[in-house]
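Colleague: Let me begin by handing over the structure; questions about it come next.
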Amino acid sequence: MKLWLFFTLALLWLEVQNGVCQQVKRKKEAGENRIRPGRKRVKVRYPKVKEQEAGSKGQSILTQVLDKGRFLRLGESLSLSPDKTLELRCKGTKIGWAYPSYLDTFNDNRLSIKQHERYSQLILTSPSAADTGEYSCWVVLCDGLECEKDGDTTSATYIYFTDKDELFVPSAIHFEIIYLRPDKPATVPCRVTNPKIKVSLHREVPAEEIAVDGTQISYNPTKGFIIQNPSPEHKGAYYCKANSTTKTTSQISTKYQLLYVEVPSGPPFATIEASSNKVSGGDIFNVTCTVLGEPEVNVSFSWKYPGQGQRPVSIHDSWRLINRGVGHTTRISQSVLIVDDVETIDYGKYICTTKNKKGETLVATSVKSHD
């Protein structure tokens, strides 16, 4: 009897010890759990929180809203049917957008953008083949009144609005000039509304199809035909031809005039010349300021001359394209200042300031008395 009682007491003692150990262990684990949340708040973890909120680099923050509240995260391209409203969302509290530029040019009221608390919403109603292009968004970072685009959170998708009757993306321009330069590729921008459409490039005179080897000349459905190393041999009139997968009739694109350009790129290259540097009282003379430069680069002129603000003068600005050398196209811009019925105050220095987007150049000449 005493032996049985001894074993019973021994077992009870072991159970009590085990319970105490487990209780101590549980307290330790609870203590550890109270410490861990504090570790999540240290600074080294902040980058991960930012990535989750704004979208990490390489992860698209651009989505399309589908039917019944479903969302599609967008990749490089997307093909949609026209006429059905397009709704895009971009995650962020302050978002910038880009889309085909003509939607801004024509103040198209089919496009609307609204910033919500956690995302920005772009809606395009009744889209058509002409709306084919790149749609992109990005997070805008602001420090007080200064804001800038966050390049690490930019997402872009090229959207095709496929139309069986419009194989090429429509353009308001029916005859477009393309400038060829020896130092950079040129693009014949005949874009299509469906990436599966087969497209070819043709010269009008002599009539021929241009070979596309994928190296010197290649085709990108989002851009058109790309000429890697333009030369005078490529100048001339061109068009593109598209073949539908469902129709036997081909479609012809806008006509393109390719002009070869070989002029310095930089501030205006200007010259100045007076019709006569020695004039008499009562004579008429003019001073011409001339700039030769790139065809599509605008040049502005301003003058300083004797008697300015006291004597009436006439100033006429103009420009035109001219051929220089063998097939080279150049823009000649001129400003002509005319002085009528010369007086003593008109003698002195005439200064012409020419300016383009890359800088400015000053040139001067003097007009003296003939006496």
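The values are calculated or read from the model by the stated rules, or taken from the named source; none is laboratory data. Model, not experiment: these values are computed from the prediction. A quick note on method: Cβ atoms are made from the backbone with ideal geometry, for glycine too, and the neighbour counts reach across all protein chains shown. What goes into the accessible areas is simple: the full protein's heavy atoms, side chains included, and nothing from ligands, DNA or RNA. Shrake-Rupley method; radii C 1.70, N 1.55, O 1.52, S 1.80 Å.
Colleague: Would it be correct to say that SER333 is open to solvent by less than 70 Å² (accessible area, probe 1.4 Å), of a type in the set (S, T, N, Q), in contact (Cβ under 8 Å) with a residue 24 or more places away in the chain and under 20 Å from ASP371 (Cβ atoms)? If you could, list the steps in order and put the result at the bottom.
Modeller: On the way: open to solvent by less than 70 Å² (accessible area, probe 1.4 Å): yes; of a type in the set (S, T, N, Q): yes; in contact (Cβ under 8 Å) with a residue 24 or more places away in the chain: yes; under 20 Å from ASP371 (Cβ atoms): no.
Considered against the rule, which asks whether it is open to solvent by less than 70 Å² (accessible area, probe 1.4 Å), of a type in the set (S, T, N, Q), in contact (Cβ under 8 Å) with a residue 24 or more places away in the chain and under 20 Å from ASP371 (Cβ atoms), SER333 comes out as no.
Colleague: Just a yes or no: is a residue in the stretch 343-354 in a loop (DSSP other than H, G, I, E, B) and aliphatic (A, V, I, L, M)? Explain how you work it out, then say what you get.
Modeller: Step one: filter the stretch 343-354 for residues in a loop (DSSP other than H, G, I, E, B), giving 343, 347.
Adding the requirement that they be aliphatic (A, V, I, L, M) leaves none.
Looking for residues that are in a loop (DSSP other than H, G, I, E, B) and aliphatic (A, V, I, L, M), one finds none in the stretch 343-354, hence no.
Colleague: Turning to a different aspect of this structure: Working carefully through the options LEU292, LEU337, find the one that is in a strand (DSSP E or B) and either at pLDDT below 95 or in contact with a helix residue (DSSP H, G or I) (Cβ under 6 Å, 6 or more places away or on another chain) (or both). Show your work before the answer.
Modeller: Working: LEU337 fails: either at pLDDT below 95 or in contact with a helix residue (DSSP H, G or I) (Cβ under 6 Å, 6 or more places away or on another chain) (or both).
Checking each option against the conditions leaves just LEU292.
Colleague: Count, please, the residues in the stretch 120-151 that happen to be open to solvent by less than 60 Å² (accessible area, probe 1.4 Å), over 19 Å from the mean Cα position of the chain (by Cα) and of a type in the set (Ser, Thr, Tyr).
Modeller: 3
Colleague: Would the stretch 271-288 turn up any residue that is in contact (Cβ under 8 Å) with a residue 60 or more places away in the chain and touching a Cys at 6+ places or on another chain (Cβ under 7 Å)?
Modeller: Yes, there is a match, as at least one residue in the stretch 271-288 is in contact (Cβ under 8 Å) with a residue 60 or more places away in the chain and touching a Cys at 6+ places or on another chain (Cβ under 7 Å).
Colleague: Go through the stretch 148-162 and give me each residue that's outside any strand (DSSP E or B), out of contact with any Phe, Trp or Tyr (no Cβ under 8 Å at 6 or more places or on another chain) and over 11 Å from ASP131 (Cα atoms). I'd like the intermediate steps shown before the answer.
Modeller: Restricting attention to the stretch 148-162, the residues satisfying the condition of being outside any strand (DSSP E or B) are 150-154, 162.
Next, from what is left, pick out any that are out of contact with any Phe, Trp or Tyr (no Cβ under 8 Å at 6 or more places or on another chain): 152, 162.
Selection gives ASP152 alone.
Colleague: Considering only the stretch 171-181, state which residues are open to solvent by less than 60 Å² (accessible area, probe 1.4 Å) and in a loop (DSSP other than H, G, I, E, B). Give the derivation first.
Modeller: So the first thing to find is which residues in the stretch 171-181 are open to solvent by less than 60 Å² (accessible area, probe 1.4 Å), and the list is 171, 176, 178-181.
Of everything in the stretch 171-181, just one residue is open to solvent by less than 60 Å² (accessible area, probe 1.4 Å) and in a loop (DSSP other than H, G, I, E, B), namely SER171.
Colleague: I'm told ASN356 meets every condition in (1) crowded, with 18+ Cβ neighbours inside 10 Å; (2) closer than 13 Å to ASN277 by Cβ; (3) not acidic (Asp, Glu) except one. Can you identify the failing condition by its number?
Modeller: With (1) crowded, with 18+ Cβ neighbours inside 10 Å; (2) closer than 13 Å to ASN277 by Cβ; (3) not acidic (Asp, Glu) applied to ASN356, the lone miss is (2).
Colleague: I'm trying to understand the selection: among the residues of the stretch 294-317, which are within 37 Å of the chain's Cα centre (by Cα) and either open to solvent by 60 Å² or more (accessible area, probe 1.4 Å) or of a type in the set (Ser, Thr, Tyr) (or both)?
Modeller: Step one: list which residues in the stretch 294-317 are within 37 Å of the chain's Cα centre (by Cα), which gives 294-303, 315-317.
GLU296, ASN298, SER300, SER302, ILE315, HIS316, ASP317 - these are the residues of the stretch 294-317 that are within 37 Å of the chain's Cα centre (by Cα) and either open to solvent by 60 Å² or more (accessible area, probe 1.4 Å) or of a type in the set (Ser, Thr, Tyr) (or both).
Colleague: Right, next: Residue check: is LEU111 buried (at least 16 other Cβ atoms within 10 Å of the Cβ) and without any contact (Cβ under 8 Å) to a residue 24 or more places away in the chain?
Modeller: yes
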